[in-house]
1. If we keep just the residues of region 546-577 that are hydrophobic (A, V, I, L, M, F, W, C) and under 27 Å from residue 734 (Cα atoms), which is surrounded by the most Cβ atoms within 10 Å (Cβ to Cβ)?
2. Take residue 453 and tell me if it is farther than 21 Å from residue 315 by Cβ and among the aliphatic types (A, V, I, L, M).
3. Taking the criterion of being more than 30 Å from residue 578 (Cβ to Cβ) and buried (at least 17 other Cβ atoms within 10 Å of the Cβ), would at least one residue in region 628-645 satisfy it?
4. Would a scan of region 1073-1080 turn up a residue that is closer than 30 Å to residue 1178 by Cβ, surrounded by fewer than 20 Cβ atoms within 10 Å (Cβ to Cβ) and among the small types (Gly, Ala, Ser)?
5. Restricting to region 351-406, give me the number of residues that are hydroxyl-bearing (Ser, Thr, Tyr) and either within 30 Å of residue 1196 (Cα to Cα) or under 48 Å from the mean Cα position of the chain (by Cα) (or both).
6. Determine if region 449-456 includes at least one residue that is touching a strand residue (DSSP E or B) at 6+ places or on another chain (Cβ under 6 Å) and farther than 30 Å from residue 575 by Cβ.
7. If the Cβ limit is 7 Å and pairs must be 6+ apart or interchain, which residue in region 82-110 that is of a type in the set (Asp, Glu) pairs with which residue that is surrounded by fewer than 15 Cβ atoms within 10 Å (Cβ to Cβ) and part of a strand (DSSP E or B)?
8. Looking at region 766-786 only, could you name the residues that are surrounded by 19 or more Cβ atoms within 10 Å (Cβ to Cβ) and hydrophobic (A, V, I, L, M, F, W, C)?
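The values are calculated or read from the model by the stated rules, or taken from the named source; none is laboratory data. None of the values given here were measured: they were computed from a predicted structure. All Cβ positions, even for glycine, are placed from backbone atoms using ideal geometry, and neighbour counts span all protein chains on display.
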Amino acid sequence: MKKYTFHNRASRWLLPPKVLHIMKLTIVLMTIAFVQVSAHTFGQRVTLSQRNVSLETVVKQLREQTGYDFLLDGNILREVKNINVQVQNVSLEKAIQAIVKGRDLQYSIEGRSVVLTKQTISSSERSKDDQLISQQNVISGVVLDDKGAPLVGATVKIKGKQVVMLTSDDGTFILRGVISGDVVSTTYLGFEVHEITITDAQLRRNNNLVIKLTPVSNDLDEVTVVNTGYQSISGERVTGSYDVIDSKTIQRRHAPDLSTALLGSVAGMQGSENADGSINYTIRGVTSLYADARPLVVVDGFPVENGFRDINPNDVESVTVLKDAAAASIWGARSANGVIVVVTKKAKERLNVNANVMTRIGRKIDLSTALTTASAADQVAWERMAYENQWYANTYSNSFSELARPYSLAKEYLFQHYEKGSISMEEMEAGLNELSRSDNRQQIKDHLLQNPVLQQYNLSISSANDRIQNVFSVMYERNTGNVIENNLNRWRMNYSAQAKIFKWLDFNFATNIHYVQSENNGPTMNELRLLSPYELILNEDGSYATQLMGVNREQYDKIRGTLPYEDWDYNILRETRARSLAATELNSRFQTGLTFKLLDGFTLDSKLQYEYNLGKTRHYYMEDSYYARDWVNFIVDYDQINQQVNKQFIPKGGILQTTDRSNRNYTWRNQLNFNKSFNKHVVTALAGAEISEYGMEGTNHPWVWGYDDKTNRMSPLPFGGRSVAGVVQLKNIMGTNLPQLNQSAFWYIDQAVGSPKSRQRTDYNIDETSFDYRNDRYVSVFGNASYTYDNKYSVSGSARSDASNLITNDPKYRWAPLWSIGGLWHASREDFMESTAYWLSRLSLRLTYGFNGNVEKSTSPLTLITMSQTPSLNTGTYTGSFRQGNPLLRWERTKTINAGVDFALFSNLLYGSIDVYNKRGIDILGDVPQPTINGGLVTQRINQAGISNKGFEVELGVNTNPGESAISLNTKLTYAYNQNKVTSLYNPSIQSQNAAAGRAFTEGYPIGAMWSYIYAGMKDGQPQLGRIGDDETYPMTGTGIAVANYDDGYLVYSGPMVGPHSAGWQGTLSGYGFDFSFLFVGNFGGKFRNPTFTYPMLTLGKDIIPMFVNDVLNGSPDIPAWPEANSENFSNWSFYTSSLNTLVESSSFIKLKELNLEYKIPKTLTDRVNIGSVNLFAQVRDLGCIWQSNSRGYDPEWLPGTLPPTTTYLLGFNVNF
């Protein structure tokens, strides 16, 4: 007998004023909504006026007016007709009495549920039965689901008797009139029927029964809902390729960032991890040469500009990954990289409160990976050898011209002391030996590094009834970085409400606020890499140790006391303590919409999203910082002969730098929906239009000089910061004339290069305001339709056209549609497959074809002109450059065909899917060289290239039924193969040095193709290169090979930099209240080159020698040997040595990413303190490679010189009320 259940579905931190206003408004809205819920819960009144209607019609009206659930037999629903009822403003019970009056029906009201049954015994029999019931025992109990959570509204009855109860809010029930031998039957939608025979012993003890229900056969089709961002549709009707990650999987990962929680869950979605643990994803390969390769992220139906950054994982209900054209083409020009659709949680219970607290502690940075500096002994050995062999490109002059070229401590012994004759050879050797024994890494670890600690607190409150649903959540996170003086405070707030205003109108509103305060005063890895290995942090007495940065000490001692600051010393710890590098970020998102219920099956949605993101930076360098003192001392008009300052151009004091950035984005969408099922037919369709705009503004404010943060005062620039003919000429201490104060005026340390003697030249002004502005607009029309027959056959189609100011205004290209079609066949539901039903639970076949688009913003349909910000000193005129536009600029398109099969065996004990796809990119933007009037070449970016991505994906899972044993296993293995290739690209002049460095794309090879020089060993003291098809070898002494074309034979293809094979294995072992889960990830088939010594050009300055010099010291045959004494041109070796084929190794690896252990406190204990559930959890993350195929044991994703995530240990708990 089939049951029909009518469920009630909705059963000292200072914030900016804008944040406070938003939070106040949200709290007011939330309070009104929760009051609405509370008021609706009490005093239900009913009005009915119906003639000659069915019982089903009346029950639906009662449920809508009262919010009560109704449980009744399907036969009653069909048989009871011709109901006439007229009641006005009466209680629910009186209304039910009027309905059942004169009919063979009876009812009971338990909590917020109504049970309707047929009367099957006479009055006399009932009287006898009542007497028997009054004389017999009472049995109580609780009904739980398979996870131990109470089930509200479960039906508990005694078979053969009219004794029926529904469980209350805590899952409990009481049965009266039970005798020994009675069979208690428990049913609940989605679970198997549970029966137990009552014994005498249970009656004597009034035994409290614990009834744990087992889910029905795990039908993946029925539980999977696919959300495309425009519609939600049953998974059994989706023709495209997709994956859904549910909230349980996400919560089990205990990740502070949602991107981290998705790693390894989806075949074909390959992740690249950042130092903070967040992940950048690509789906099914890279589809563009220059555009962003990351997939589009959609939250509750709208794209978001900040990706996963503003999303609280605790608020997420599900994540759907759309991979092929049929699944993602509804997103048009932004869908070629795939789409990740995030759906946040909605209220499901009348009131629910959940708290989640966790603390994560990480290990300190591993300096052996993060730093590539050589050991002190190797550094001194190299410097001694360079001195003895006279490898330096210049000579020691002991002149003022060397003031801005600091020597290393070893070079000071060699040149400034020994060569000058101020110390003996023995003293020099003693000094060098002392430096060899020094090592700053322990001091760096002790004084500059710290264990990163993350503390996160989450609270969510939800409530619902049949009229309104509310969810409010708030999160606070405190994060201390892995170096001192770095910290971050993060707040996230989310509120959403859905309300039924009228029968024909629904309203929804949601807001998300993300506020971040951060300080990054600590040393960067680049700053640490500028320290020689023997430069300590502190002396033995605790004073700051000597570290040589921008000034030659020998030359400065000659003029000491003549500059504005006598103290021109540098120390990294001192610098850290003398700066405040702060940033604030406020990201807000508002969504609202109306749903109009029109004719039967038709609805109209009008939705709006508005995003406002505001970012501010405030960098304050105190007067004690080397940065501030260096500016003041260096930008002076200095008389070298008389050793005096003629003019001081920058006032003494601190320096304040501020910037503002803001984004204002909106999307307004109107969409007509149709959803209708009749007989064996299901039709779903939508059509709509939307407009969107994405605006960015930025302001770089003039620097504030002579600033004091305590008094909030500054000093004006004495001469206005500019050269004025006949009035003042700006200069630096070396006598160089300067037009104005900008970054090119200052010989500024280039931390990226890693050598204090190299200076960065960035020509933006620092004494005036500069602005950035960008505005992207889209107008889109779209439609989608699907049809399903007999739950076996489905077809779908989708089309979208996007016009934008980013592309041409030629209608032929601007409005070109992107479309897809697809088909699905549930073969296992065919009659001829009935004989396989006992072992083949599911067999479905899919086929799709269509086009997706890609947005590339680096070029324009119009000619772009860039003007200089200052006039020429020679001509007084402003100059400019231009880049020719592409008047036929159009969307990059990707054509995809996908075939897939989904299967499940043995009642879904084993399940999986296989997809095969072919993606071909057309109209891809590529650089084309064009001649200029001067005889040179410039490049223009036009739609002329092609890219292909071919591959297949496999997902295999095991899901044992947790009700069958105390221990259950749920595990899934994902594997994907992707072959990427640039199929067409006209670029005939690619220099070999650009191809070898990965700076060029080559036709016929993957994006990220690795090209290597052929190393042929040493000959006559010179390293040699080979050439394909040539027995001759060629020395590295010149640059001719570096500028030769890449296909001239000097390069060999070594393989793809990105492995084409990726895999993930995750699983959960559950039993006795414990859940143990794990995650392994792997990548195979890629290549990398071992970092090596590059034989840099040596000058009399401070050289930071990498640790790979040890390979040269040990005579490695894979790289060149030492240059000969007095050798010239060996600096040209650096054009080739880092790209030799002898350095190539496999990048294949397998990593253990996560181990999680969770324990659920028994409900018998939590009930005592009126708590719904308590979960305790622990996690270890980033445990490193358990296997790698390279000879040096490197982690191929984090080679020396990078900053990998450290191993972290997490503890936390979750409480649900």
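1. Result: 572.
2. yes
3. No, that holds for no residue.
4. yes
5. Selection size over region 351-406: 7.
6. yes
7. 93/109
8. Initially, region 766-786 is screened for residues surrounded by 19 or more Cβ atoms within 10 Å (Cβ to Cβ), giving 766, 778, 780, 782-784, 786.
Matches in region 766-786: 766, 782.
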